[in-house]
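My questions will all concern the structure given below.
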Amino acid sequence: MKRSRFALTFALAVVASASTWFYMNHVLRPQQIADAAAHNIPRGNLSDLYPRWLGTRELLLRGRNPYSAEITRAIQQGYYGRQLDPSRPDDPKDEQGFAYPPYVVFLLAPTTCLPFAGVQIGFRWLLIALAPITVLLWLRVLRWKAPCGTALILAVLAAGWLPMVQGIKLQQLSLLVAGLIAACGACLAGGWSACAGMLLALATIKPQLAWPLVLWLLVWAARDWRARRKFIIGFGLTMWLLLVGSAWLLPGWPRMFVHAIADYHRYTQNQSVLAWMFGGIIGRILEVLSVLVCALCLWRMRSEAANTAAFGRAFALVLALTVVIVPMFAPYNQVLLVPVIIAFVWSEISREPVLPAIRLARMVVAVLLLWPWFATIALSAIYIWLTPGLRGKLWPMPFYSNFMLPILVFGLALLHAWPSGPPNLRENAARE
């Protein structure tokens, strides 16, 4: 990449990423505060880490059940600033219960003796650092030896991508799980199979995000037990330690966890992106079809070695499937789409020949992907003219592509990974 071209692209990336942060801090947050004041909606620390941190502290230091109603009320006191009142129609419906497997406490245990304000700051900076680091890990998984300038631009854009910034602002553990999954893939690509299995086991603190990948990688590893058994051993041993440790800390936890998940879905009424877009019945049918078609594609790719680009595409495909079938459409889960998006960028830079229809679909995806930045740049540019009334109408603009993007990305990822589909990405480094 020529220096002038790099300088211009890098400057645009910095402006785009900065505009997302400006929008979050100066447009979206004031709108949420104003809306809360108008409807008497409680606002506490609003940190998604807090329920897990408080549950961990109460379990480890006081031996209290983190799934209990008493702990849920204590969580609400910190998260919302007061307990929720069902008689108030404008109160949030999310009760913020401890809806994680108990072995999440092993990751959060070092923070239990620290004040939450300090934990917040440290975790926020950890997530900020993970954004560019995961880009570098995904480049390794996909076997793309990108030039330093290209990698830097991708890292800057990742740090200012709307789903990533939302996850950082909310302090969402989904970003930590995405980092663990990226590290798992990089370890597999580098030949550290046992370490990859351990990292994947830790990623199951959010089971809905990790288990589709777990199933695929176990099938993949079983295909060549002699060469890949270390991955299964590393994963199995780590999971055994996590489960045994959980049973020792909280006997009977599986039943409590199942009840907590059922309660979570009851009060959040979450549904997948497909169900939200196409309705309950059609959405469920599409979910099943997506899983079946994806499984057929992955079955044909189970012999691919972990150090190939084809394996990287299969890895990314599973994550794209996860985003469209997981019963939650929050934008921050879309951080799992990063490897697929990077694969598309590599394909375009390397001028890979594709069918015109696929090229057109990629252009649509590019527009949907860039739309949040267009919107945040525009809202940032007119910030001084944003009256409260105008802000109330325009603040949703960056989220307009939230539902269509993961569906189209999954479809293209399926075509890109299909063994008889478009040509494979070059195994050697793309040359500019």
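Within region 145-156, which residues are part of a helix (DSSP H, G or I), out of contact with any Ser or Thr (no Cβ under 6 Å at 6 or more places or on another chain) and of a type outside the set (S, T, N, Q)?
148, 149, 151, 152, 154, 155
Sticking with this one: Pairs under 9 Å by beta carbon, first residue more than 13 Å from residue 415 (Cα to Cα) in region 305-324, partner among the polar types (S, T, N, Q) and assigned to a helix (DSSP H, G or I), six or more apart or different chains?
From region 305-324, the pairs are 306/193; 322/208; 322/333; 323/333; 323/334; 324/290.
Failed condition for residue 92, given (1) modelled with pLDDT of 90 or more; (2) under 19 Å from residue 396 (Cβ atoms); (3) surrounded by 15 or more Cβ atoms within 10 Å (Cβ to Cβ); (4) not aliphatic (A, V, I, L, M), with all others met?
Checking residue 92 against (1) modelled with pLDDT of 90 or more; (2) under 19 Å from residue 396 (Cβ atoms); (3) surrounded by 15 or more Cβ atoms within 10 Å (Cβ to Cβ); (4) not aliphatic (A, V, I, L, M), the one that fails is (1).
Still on this structure, I have one more. Within region 365-380, work out how many residues are crowded, with 21+ Cβ neighbours inside 10 Å and farther than 19 Å from residue 407 by Cα.
The number of residues fulfilling the criteria is 4.
So which residues in region 113-131 are more than 14 Å from the chain's Cα centre (by Cα) and surrounded by 14 or more Cβ atoms within 10 Å (Cβ to Cβ), if there are any at all?
Hits for region 113-131 are 116, 119, 120, 123, 124, 126.
Let me ask something else about it. Could you tell me which residue of region 291-336 is farthest from residue 130 (Cα to Cα), considering only residues that are of a type in the set (Lys, Arg) and surrounded by fewer than 23 Cβ atoms within 10 Å (Cβ to Cβ)?
Among residues in region 291-336 that are of a type in the set (Lys, Arg) and surrounded by fewer than 23 Cβ atoms within 10 Å (Cβ to Cβ), the one farthest from residue 130 (Cα to Cα) is 300.
It is to be established whether one or more residues within region 93-104 are under 14 Å from the mean Cα position of the chain (by Cα) and of a type in the set (A, V, I, L, M, F, W, C).
no
May I pose another question? With region 1-118 as the region, which helices (runs of 4 or more DSSP H) entirely inside it contain at least 1 residues that are among the basic types (Lys, Arg) and over 19 Å from residue 171 (Cα atoms)?
Qualifying helices (runs of 4 or more DSSP H): 3-23, 49-62, 69-79.
Failed condition for residue 357, given (1) in a loop (DSSP other than H, G, I, E, B); (2) surrounded by fewer than 17 Cβ atoms within 10 Å (Cβ to Cβ), with all others met?
Checking residue 357 against (1) in a loop (DSSP other than H, G, I, E, B); (2) surrounded by fewer than 17 Cβ atoms within 10 Å (Cβ to Cβ), the one that fails is (1).
Of all residues in region 139-163 being crowded, with 19+ Cβ neighbours inside 10 Å and among the charged types (D, E, K, R), which is modelled with the lowest pLDDT?
Among those residues, the one meeting the criterion is 143.
Same structure again: Which numbered condition in (1) exposed (fewer than 14 other Cβ atoms within 10 Å of the Cβ); (2) farther than 15 Å from residue 413 by Cα; (3) not hydroxyl-bearing (Ser, Thr, Tyr) is the only one that residue 394 fails?
So the condition that residue 394 fails would be (1).
Give the residues of region 183-213 that are touching a Pro at 6+ places or on another chain (Cβ under 9 Å), surrounded by 18 or more Cβ atoms within 10 Å (Cβ to Cβ) and assigned to a helix (DSSP H, G or I), sorted by residue number.
Within region 183-213, just 185 meets the criteria.
Take residue 366 and tell me if it is modelled with pLDDT of 90 or more, touching a helix residue (DSSP H, G or I) at 6+ places or on another chain (Cβ under 9 Å), under 27 Å from residue 285 (Cβ atoms) and not in a loop (DSSP other than H, G, I, E, B).
For residue 366, the condition - modelled with pLDDT of 90 or more, touching a helix residue (DSSP H, G or I) at 6+ places or on another chain (Cβ under 9 Å), under 27 Å from residue 285 (Cβ atoms) and not in a loop (DSSP other than H, G, I, E, B) - is not met.
Next question. Report whether or not residue 389 is surrounded by fewer than 21 Cβ atoms within 10 Å (Cβ to Cβ) and either touching a Pro at 6+ places or on another chain (Cβ under 9 Å) or free of Cβ contacts under 8 Å to residues at least 40 places away in the same chain (or both).
yes
Among the residues of region 1-14, is any touching a Pro at 6+ places or on another chain (Cβ under 8 Å), over 19 Å from residue 117 (Cα atoms), surrounded by fewer than 16 Cβ atoms within 10 Å (Cβ to Cβ) and at pLDDT below 95?
yes
Looking at (1) within 18 Å of residue 212 (Cβ to Cβ); (2) at pLDDT 90 or above, find the lone condition where residue 341 falls short.
Condition (1) is where residue 341 drops out.
The values are calculated or read from the model by the stated rules, or taken from the named source; none is laboratory data. Note that the coordinates shown come from a computational prediction; the quantities given were computed from them, not determined experimentally. Here the Cβ is made from the backbone with ideal geometry for all residues, glycine too, and neighbour counts use every protein chain on show.
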